[in-house]
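Shown next, in structure tokens, is the structure this report addresses.
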Amino acid sequence: MKKYVLYGSSILFGRGLEYIVLLIAPLYLAKENYGELEFYKKVIELGAAVVTFGLPTLILSYPKSLESKKYFTFISFLFITLLSIFLSPFFIVFQYFYLIIPIYFHSIFFNNGIIPSFILTYKNSNIASLYKITVSALFYVIVLITIFVSEKPQFSFVNVNYILIPIFISCCVWFFIKEKILKKKLLKYWSLFKKLLASSFTIVISNFANMMFLYTDIMIIKLLSSNANADIADYSFSLNIANALILVPLTLVQVDIEKLKSNSIYGVSLNKKISVSVIFLAALLATLFVILTNIWFENYKSAIIVFYIILIAKIFQSFSVLYGAQIIINKLFRENLIINTISLLFNLCISYFLFIKIGLIGVALGSLSTLLIRYLMLIYLTKKKVWF
């Protein structure tokens, strides 16, 4: 039990540090700088979701022996490196080449990268917890320091990766040299790796579509707004507070994931527990936003309507977590891909149209509409295929 508590605490530690940074930043920075800071953070996270290509999940789920885990991770390391090089010209064209290194660092070393997954399976959860805590502490402390002392604090989430990557690359290369990767075995595992990569492509696309529609709002604001950084600041500040709601269903589902695997009907009772907890926390967050914007963050008081719309959207997203988990457990990958793709395309269209018509509130309403429709589709699929 202790190892689960420790590993869960390492995740909460990282998220807690992230929230501290995202609350201090708008308090210290001008709204335009904070908006730009958030934009770069979102682009890096989205880019990492593409470049990782679902490999952390593959490392966690497929390799059984220590040797296979080592070789699969080494091949994943090479694959991500080559994919990053391949994508570099696209970033050059759009003048975002300086984001390649941050995306690369997140894909390999940060909390959702391949190395944390490798450590968890190759060593144990205690070592993985220590790794997550160390990386999170280094990352967010450097981000905070950079925000305070840098002449361009809006690049804090970019510059930290350039500071850390030489250290982590050196450790990674040293490990694989020490382990003596053999060419013959490498070719054998590469052949298997290619087959698994092709068979899991549906999951990869589905995960990307799922993540992409959550970032669509920021991208549309950046593209269409005449005052993009300030609008992103208002939207991101509201979004960061409302996002705390997702921690409730994620925690409850992860704690009871084994029960869900063995007894799908258990999801009915778990759903009730999630619903009560989410509604209670939503009421607390609604009150908290008013207190924060009236005492410390007065520059964001005008975003209160946007916040309440986003909060309602996050309630539906929170309700969806359990249904999404059960769909994956029951291997309904094709259906999951269809739902996430529909959500992405709908969100792009509705958010684009509503932003042109009514601005920032329109983007929030677009997100609400998308998450409500996705929630209803997930309910229908779960009751038809899982709780039948």
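Read the figures in this text as sums done on the coordinates, not as results from a lab. For clarity, every value in this text was computed on a predicted model and none was experimentally measured. Glycine gets a Cβ as well: all are built from the backbone with ideal geometry, and neighbour counts include every protein chain shown.
Worth a mention:
- Order by protection proxy (mean Cβ within 10 Å, highest first), peptides 298-308, 97-107: 97-107, 298-308
- Highest to lowest packing among 26-33, 338-345, scored as the average C-beta count within 10 Å: 338-345, 26-33
- Summing +1 for each Lys or Arg and -1 for each Asp or Glu among the other residues whose beta-carbon sits under 15 angstrom from that of Phe39 gives -2.
- Distance between the 7 Å Cα→Cβ label points at Tyr308 and Ile329: 3.6 nm.
- A simple packing score, the average count of other Cβ atoms within 10 Å per residue, orders the peptides 132-140, 82-90 as 132-140, 82-90, with the highest score first.
- Cα→Cβ-extended label distance, 7 Å offset, between Asn124 and Ala244, nm: 3.5 nm
- Centre separation in Å (Cα based) which lies between the stretch 111-141 and the stretch 294-351: 27 Å
- Simple rule: put +1 on each Lys or Arg Cβ and -1 on each Asp or Glu Cβ in the stretch 26-125, find the dipole, and look at Tyr62, Leu87, Asn33; the Cα lying farthest toward the positive end is Tyr62.
- What the Cβ-Cβ distance of Phe148 and Val93 gives, at R0 = 30 Å and to the nearest 0.05, is a FRET efficiency of 0.35.
- Kyte-Doolittle mean at least 0.5 and Cα axial length at least 20 Å: DSSP H helices in the chain: 2-28, 66-93, 125-149, 156-179, 201-224, 266-295, 304-329, 333-358, 360-385
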